[in-house]
Amino acid sequence: MDPKALSWHIEQAGPMRPRGRRGRRLLNRGVCAFSIASAAVGLLFLAWILWTVMHRGAAAINWTFFTHRLAPPGAEDGGVGNAIVGTLLMTLLATLLAVPIGLLAGVWLSEFGRDSRLAGIVRMFCNVLMGTPSILIGLFIYTVIVIQTRPPHFSGYAGAIALAILMLPLVARTAEEMLRLVPNELRESAMALAMPRWRVTLTILFRSAKAGIITGIVLAVARVSGETAPLMFTALNSNYWPDTMNEQMSNLTMTVYQYAKSPYPDWQQQAWGAALLITAGVLVTTLGARLILLTGRGRGARR
Amino acid sequence: MELTLSIRRRGLARWKPAAGLLIATVVLGWAAGALESRGYPWEGLAAWVVSLGSGIVLLMVASGLLAGGDRVFRAVCRLAAVGIVLLVLAILAELVANSMPSIRKFGIGFLFSTQWDHITGHFGAVSSIFGTLASTLIAMLLAGPLALLIALFLVELAPPWMSRIVGGAIELLAAIPSIIYGMWGMFIFAPYLQNHIQPAMNRWLGWTGLFSGPPLGIGLLPAGIILALMILPFITAVARDVFQMVPAVVKESAYGMGATTWEVTRKVTLRYGARGIAGGLFLGLGRAIGETMAVTFVIGNNHHISTSLNSSSNTISSTIANEFIEATDPIYYSSLVELGLVLLVMTMAINVIADLWLKRLGKSMGAL
């Protein structure tokens, strides 16, 4: 670091007035203790939440829970089988919609837009979309799809599209970041062999950024699959096995919402079971994706 | 001459699979619709998926096959990127369009009216905005300092192996779906607060006037606490990156002068990264302000303004979540959409500010 910058930092730091050594040490000890305590508080709450979900959820889980569909309160054979199927289907369709578009947008940001003004605008809008409350995405889809279809109806398609909108900026930004990490020499040598840009991107850049991009997509899928708010006004929920995606569609998160708010103990019990499924699914996927990235194959990855 | 001919011929050869894909896309897309309308929904769905996939492959092949393949590829990529911008604008436009009846009826007064009465049809946003801001404020007051202290622990105090584990665990808080926070808050945390914490707070802190009223467990305070937990990992992650970005030389020279860890943090690290940390706080703010499910479970959903943290309240997002489905009356519906519009404008402003302040940091907010 050059001396000029160093002196700037020292000026920023301001004068350090002499103070009793004892007081300073004591203060330092106090802050350190607080710091450790804060970390402990964070971990404590994490453990509390996870333990509650595991403990309460495990009691609800048995074979019928997976194989039967939602049932009225008091019924012996209620399960969340149809909700699992619905969540998986909507997440799958959302992924199919969001990944290609997100990847293309990421390619443009990293390969063509780079530091242009338009790229800056696109990045900013990506961040805005990422920060948009998911319930507003649901509202948007309600206004453009649910009430525009004839006759107006909730549908699994609408839910999947809402989830896809949530995924889109996540995929675009991670793709951009991962492609940017690919060394320029690779692009140059490929183009020196007269490879067109599109082939360079699709066959070489994607391959070398594969681990990072896949991790990013998996993390985005995990995050989206635990969302409730965007499904409230789009897919709603249903007690039946899905026959088509063109009608109200059962899903785990809305089931948790409706069952947890109900006054029936057996429904609440099942809500805990479904909550355990969602939490376990999301956490295992998230941890798995991070682990893949950590264990070597994540060449050119950030974390 | 020969060269151009051969290129053209090769180009022609590539047309065949592309034409096949084009036909497949059209046929399958049509078949999908037909199947679905005739009661073969699953076959219809499968056809849709294949049709979509072949369409995308087609796009890619098309971009390669044309003489200006790169230009097409570039244009397609650009379309996708610009599409995101258009999507955000479309969301904004759609919310404005749907809240028009309410905007026309109540005008600017919507933002200043405390009424929320769907029987007389008078709607105002004040109670929802108040609840949103109050719960967010509580969350920020709790999560801000906590996140900075945790970041300090991760960067300066903990040995690397512990830092990695604790840091990873804190990040897991962000992976837990918000509905789980809500359920835990309603069934576990609220009763705990009601029985063990709030009576003590009423006794010792009652004089502030912030804790009047019976402790119900639900209300502004638990909503704020749960929001704080939810945004904690975001602020911590940014703060940790900021702390790590301070050049070691600067810190070491301060340590060399005999400064303690706290002094280095306060006088060097925090000043060096003030902007980044502010950006991180805004990021957390943006998350907290729009959070729906967790808040809906514990805030009590009451259009009632009170300075007591024990009282039940509502936020913009919880109001929409609770009342939207029942809102059959056009003016009620459009008032709810206008509430959403207010929230959208708020989060947009916050995110743009966070974006500008984090830009210098080079920190992205992608999925990783």
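Assorted remarks:
- Looking across the stretch B:293-330, the residues that are of a type outside the set (Ser, Thr, Tyr), in contact with a strand residue (DSSP E or B) (Cβ under 7 Å, 6 or more places away or on another chain) and either open to solvent by 10 Å² or more (accessible area, probe 1.4 Å) or outside the structural domain of residue B:229 (by TED's automatic domain parsing) (or both) come down to B:300, B:302, B:303, B:304.
- Among residues of the stretch B:133-163 being more than 30 Å from residue B:306 (Cβ to Cβ) and of a type in the set (Val, Ile, Thr), the one that is farthest from the other protein chains (Cβ to nearest Cβ) is B:155.
- The listed residue being among the aromatic types (Phe, Trp, Tyr) and surrounded by fewer than 16 Cβ atoms within 10 Å (Cβ to Cβ), out of B:184, B:204: B:204
- Some residue of the stretch A:72-92 being out of contact with any Lys or Arg (no Cβ under 8 Å at 6 or more places or on another chain), under 30 Å from residue B:75 (Cβ atoms) and either open to solvent by 10 Å² or more (accessible area, probe 1.4 Å) or not in a helix (DSSP H, G or I) (or both): yes
- Any hit, the stretch A:230-243, residues being without any contact (Cβ under 8 Å) to a residue 40 or more places away in the chain and open to solvent by 30 Å² or more (accessible area, probe 1.4 Å): yes
- Residue A:219 in a helix (DSSP H, G or I), open to solvent by less than 10 Å² (accessible area, probe 1.4 Å) and aliphatic (A, V, I, L, M): no
- Where a residue in the stretch B:334-355 is within 18 Å of residue B:122 (Cβ to Cβ) and at the interface with chain A (Cβ under 7 Å from one of its Cβ atoms) and its partner, wherever it lies, is open to solvent by less than 10 Å² (accessible area, probe 1.4 Å) and part of a helix (DSSP H, G or I), with Cβ under 7 Å and at least six apart: B:337/A:139; B:337/B:95
- Residue that is farthest from residue A:87 (Cα to Cα) [pool: residues in the stretch A:134-175 that are open to solvent by less than 10 Å² (accessible area, probe 1.4 Å) and not aliphatic (A, V, I, L, M)]: A:174
- Flag for residue A:295 being open to solvent by 20 Å² or more (accessible area, probe 1.4 Å) and either at pLDDT 90 or above or not aliphatic (A, V, I, L, M) (or both): yes
- The set of residues in the stretch A:55-71 that are open to solvent by 50 Å² or more (accessible area, probe 1.4 Å) and either touching a His at 6+ places or on another chain (Cβ under 8 Å) or of a type in the set (A, V, I, L, M) (or both) comprises A:58, A:59, A:61.
- Members of the stretch A:222-251 found to be within 9 Å of chain B (Cβ to nearest Cβ) and in a helix (DSSP H, G or I), listed by number: A:222, A:223, A:225, A:229, A:232
- Selection status of residue A:190, touching a residue at least 60 places away in the same chain (Cβ under 8 Å), open to solvent by less than 50 Å² (accessible area, probe 1.4 Å) and in a helix (DSSP H, G or I): no
The values are calculated or read from the model by the stated rules, or taken from the named source; none is laboratory data. Since this is a predicted model, take the numbers as computed values, not measurements. When we count neighbours, we look across all protein chains shown, and the Cβ atoms used for this are built from the backbone with ideal geometry, even at glycine. Surface areas here come from the heavy atoms of the whole protein model, side chains and all, with no ligands, DNA or RNA. Shrake-Rupley method; radii C 1.70, N 1.55, O 1.52, S 1.80 Å.
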